[in-house]
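**Student:** Have a look at this one before I ask anything.
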Number of protein chains: 2
Amino acid sequence: MRTTPRSLQPTSRRRTGGRSARVVHDVLEATVDALAATGYSGFSFEDVAARAGVSRTTIYRRWPTKQDLVRAALLRFAEACPIIGDTGSLRGDLQQNLRTLHDPEHAARQAGLLRALMADFDDPELVALARLVRERMRQPAVAAVERAIARGELPPGTDPDVVIEPAAFTVVMRQAIFGDRIDPEYGERLLDVILAGARAGAGVKR
Amino acid sequence: MRTTPRSLQPTSRRRTGGRSARVVHDVLEATVDALAATGYSGFSFEDVAARAGVSRTTIYRRWPTKQDLVRAALLRFAEACPIIGDTGSLRGDLQQNLRTLHDPEHAARQAGLLRALMADFDDPELVALARLVRERMRQPAVAAVERAIARGELPPGTDPDVVIEPAAFTVVMRQAIFGDRIDPEYGERLLDVILAGARAGAGVKR
């Protein structure tokens, strides 16, 4: 018998809204872990069910296909990173993003996931999922660039794709492939270079 | 006895020295193909021998371990890319590099290799090899930045790592993960941003 009063249960658990939300949370976390362990081609509902401690039927009922389940898990993983908020300056917005990438736990999990999935990026189904996740992560970054243009921090017509992805991709690739521990000062310098170049108008689409 | 005057010996084929050099070439090419097909963990001498049409003994004699063979093949693959020469300007040097990355055949082969190897980048042996290859590819890029500083194109103290890797890594990651076909104008714009930022002194190490 459970004797712990609800009010003493850890907060995140409670806020998510009961057993059903807990199952969703556990299954999607287990899906990310399973992907990191076996990649996309080796992925199975059995593995996820075992990791989450639920039955396969429970999973199938909500996510009938592998694609449905992986899509939901990757989108949640992407949303869990505090990517880019509105800090009042473009530099602040992008710094927030880099800080997430520098967090060792997040970096390790992201690198593991990327390494495991990479071999299957010749599968159009997975490429489509990756593009969806990227687009979801890209939207707040594009919005940050638009705010910067509106504030006069960047010239109108600046291509967001020369501002938002280069710093992140460089850091992710160095971590995931070469196992680099990124010096935060390096990250700042990289942002400085990109922002100074973009401010000078070098990123305007002609 | 040698009868051909050295000055008349024409091509790379001859200079590299006959059958033995041909075997080296074939084995190292086959090694890259085998890596792209099976990754590092699934890699075998048998597979390479079959692909190159030579005996396993022929391979073992020259490269006693998997690490020796893969190191030699990756270094040759890296050297075969006309990474960065001395064109007289930093922009020209880096453009040459980007052009290699935009070449569809090279891009596909590099993306395939990276995708196949990625899952094994938790193996310290492979990470050590990757770092070696990267260092070999980085040297001409660092030299290009040093020439640019000497010519007054960049301020002294500019960190080469905020100039040379970001454009290349962004392009490689977009190709290998998202299957993007990179618009050459995008590549130029990315270079423009990085070079304008570095010229303005934003990449100087403090």
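The values are calculated or read from the model by the stated rules, or taken from the named source; none is laboratory data. Computed from a predicted structure; not experimentally measured. Don't worry about glycine lacking a Cβ; one is built from the backbone with ideal geometry, like all the others, and counts go over all protein chains shown. When the accessible area is computed, the model is the full protein with side chains, heavy atoms only, and any ligands, DNA or RNA have been set aside. Shrake-Rupley method; radii C 1.70, N 1.55, O 1.52, S 1.80 Å.
**Student:** Within region B:37-59, name every residue whose backbone N is under 11 Å away from a label modeled 7 Å from Cα of B:L132 along the Cβ vector.
**Tutor:** Of the residues in region B:37-59, none has backbone N under 11 Å from the label point off B:L132.
**Student:** Inter-copy label distances at B:T58, 7 Å along the Cα→beta-carbon direction, one decimal in nm, shortest first?
**Tutor:** 5.8
**Student:** As a test of the formula, what do you get for the protein assembly as shown when each DSSP H run with n ≥ 4 contributes -39,500 (n - 2.57) and the sum is divided by the residue count, at 222 nm and rounded to the nearest 500 deg cm²/dmol?
**Tutor:** It comes out at -22000 deg cm²/dmol, rounded to the nearest 500.
**Student:** Could you compute the net charge surrounding A:L117? Neighbours are other residues with a C-beta less than 11 Å from the C-beta of A:L117; K and R count +1, D and E count -1.
**Tutor:** Values: positive: A:R115, B:R115; negative: A:D120, A:D123.
In short, 0.
**Student:** Something else about it: If amide H atoms are built 1.01 Å from N in the plane of the peptide, which residues on other chains or at least 5 residues away come under 5 Å of the amide H of B:V204?
**Tutor:** Here B:D159 satisfy the definition.
**Student:** Express the relative contact order of region A:136-200 as a whole percentage, based on alpha carbon pairs under 8 Å and six or more residues apart in sequence.
**Tutor:** Details: 32 pairs, mean separation 22.4, N = 65.
Dividing the mean separation by the residue count of region A:136-200 yields 35 percent.
**Student:** I would also like to ask the following. Output wanted: per-residue J couplings in Hz (rounded whole) for region B:159-168, from phi through Karplus 6.51 cos²θ - 1.76 cosθ + 1.60, θ = phi - 60°, x for Gly and Pro.
**Tutor:** Rounded to whole hertz, the list is 6, x, 6, 8, 9, 8, 8, x, 5, 5.
**Student:** What are the ³J(HN,Hα) values, in whole Hz, obtained from phi via the Karplus relation 6.51 cos²θ - 1.76 cosθ + 1.60 with θ = phi - 60°, for each residue of region B:194-206 in sequence order, with x given for Gly and Pro?
**Tutor:** 5, 5, 5, x, 5, 4, 6, x, 6, x, 6, 5, 9
**Student:** How much accessible area per residue does the protein assembly as shown have, in Å², with a 1.4 Å probe? Walk me through the numbers before you get to the answer.
**Tutor:** Values: 20060 Å² over 412 residues.
Counting only protein heavy atoms, the per-residue value for the protein assembly as shown is 49 Å².
**Student:** Work out from phi, with θ = phi - 60° and the Karplus expression 6.51 cos²θ - 1.76 cosθ + 1.60, the ³J(HN,Hα) of each residue of region A:49-63, listed in order in whole Hz, and give x for Gly and Pro.
**Tutor:** With the stated coefficients, region A:49-63 comes to 4, 5, 5, 8, x, 10, 7, 4, 4, 4, 6, 4, 4, 8, 10 Hz.
**Student:** Could you check the simple spin-label distance between B:R91 and B:K205, using points 7 Å along Cα→Cβ, in nm with one decimal?
**Tutor:** Going from the B:R91 label point to the B:K205 one covers 2.7 nm.
**Student:** Expressed as a rounded percentage, what relative contact order does chain B have, with Cα pairs under 8 Å and six or more residues apart?
**Tutor:** On the way: 186 pairs, mean separation 42.4, N = 206.
Relative contact order of chain B: 21 percent.
**Student:** Can you give me the long-range amide H partners of A:V163? Hydrogens built in the peptide plane at 1.01 Å from N, cutoff under 5 Å, separation of 5 or more residues or another chain.
**Tutor:** Those qualifying (amide H under 5 Å, at least 5 residues apart or on another chain) number zero.
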